[in-house]
Amino acid sequence: MPETSPAPTAPLIVIDLQTGMFDGVAEPPIHDAEGIADRARALIDWARRGGRKIAFVRHDGPVGDPLAPGEPGWPVWPALGQAGDEPTFAKSVGDAFSNAALGEWVAGQGAGEVVLIGAQSDLCVAATVKGAFAAGLGVTVVSDAHSTLDTASETAPQIIARHNAAFADAGVNLVTTKALTGG
């Protein structure tokens, strides 16, 4: 499928790029954490330059989880530079659209499409792709701006590649950071 630019009203949704995904304190950092942070910042800058809205999604893990509210790993990763007017939507399951307020916010942008980046490719990103489709939205996934961790049977790069292929098969518009930002 050829890369196409998302609609100008399509907001950027940053999924679960929280401190615990980068700092390595409670769990290993996601694969290519530094590169993911760099590409996320480039995409956030691209969205801002183009007048796109940006929302952050934060996973609220259960008590004792590194991503539980109040835990050091819970906040959106500060190095991403979230602006004060960019909302954060909480969720406790994989699909970010499980929080009805996110769907209402997207609809309020006049958007029939979303651009997704974040973590983890095989969990919350994949679930949010399905949730966006279920909400009747078009979906663009930035193929090099989502990541995960190795499992016992697959490396993170294998998981990411497998999910990019599955996303394309499902009708997702896959683009690279460079294709969107020109950088």
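The values are calculated or read from the model by the stated rules, or taken from the named source; none is laboratory data. Everything numeric in this text was worked out from a predicted model, so none of it was measured. Please note: Cβ atoms are built from the backbone with ideal geometry, for glycine as well, and neighbour counts cover all protein chains shown. Just the protein is used for accessible areas: all its heavy atoms, side chains included, with ligands, DNA and RNA removed. Shrake-Rupley method; radii C 1.70, N 1.55, O 1.52, S 1.80 Å.
From (1) over 21 Å from Ser5 (Cα atoms); (2) surrounded by 21 or more Cβ atoms within 10 Å (Cβ to Cβ); (3) out of contact with any strand residue (DSSP E or B) (no Cβ under 8 Å at 6 or more places or on another chain), pick out the condition that doesn't hold for Val57. With respect to (1) over 21 Å from Ser5 (Cα atoms); (2) surrounded by 21 or more Cβ atoms within 10 Å (Cβ to Cβ); (3) out of contact with any strand residue (DSSP E or B) (no Cβ under 8 Å at 6 or more places or on another chain), Val57 is out only on (3). Yes or no: Thr148 under 15 Å from Val14 (Cβ atoms), open to solvent by less than 10 Å² (accessible area, probe 1.4 Å), hydroxyl-bearing (Ser, Thr, Tyr) and at pLDDT 95 or above? When the stated conditions are applied, Thr148 does not pass them. Filtering the stretch 13-25 to residues that are within 18 Å of Pro78 (Cβ to Cβ) and open to solvent by less than 70 Å² (accessible area, probe 1.4 Å) leaves Val14, Ile15, Asp16, Leu17, Gln18, Thr19, Gly20, Met21, Phe22, Asp23, Gly24. Filter the stretch 81-136 for residues that are within 21 Å of Ser5 (Cα to Cα) and among the charged types (D, E, K, R) and give the result. Matches in the stretch 81-136: Glu113, Lys130.
If you go through the stretch 67-110, how many residues are closer than 27 Å to Asp38 by Cβ, touching a Phe, Trp or Tyr at 6+ places or on another chain (Cβ under 9 Å) and either among the aliphatic types (A, V, I, L, M) or surrounded by fewer than 16 Cβ atoms within 10 Å (Cβ to Cβ) (or both)? Adding up the residues that qualify gives 9.
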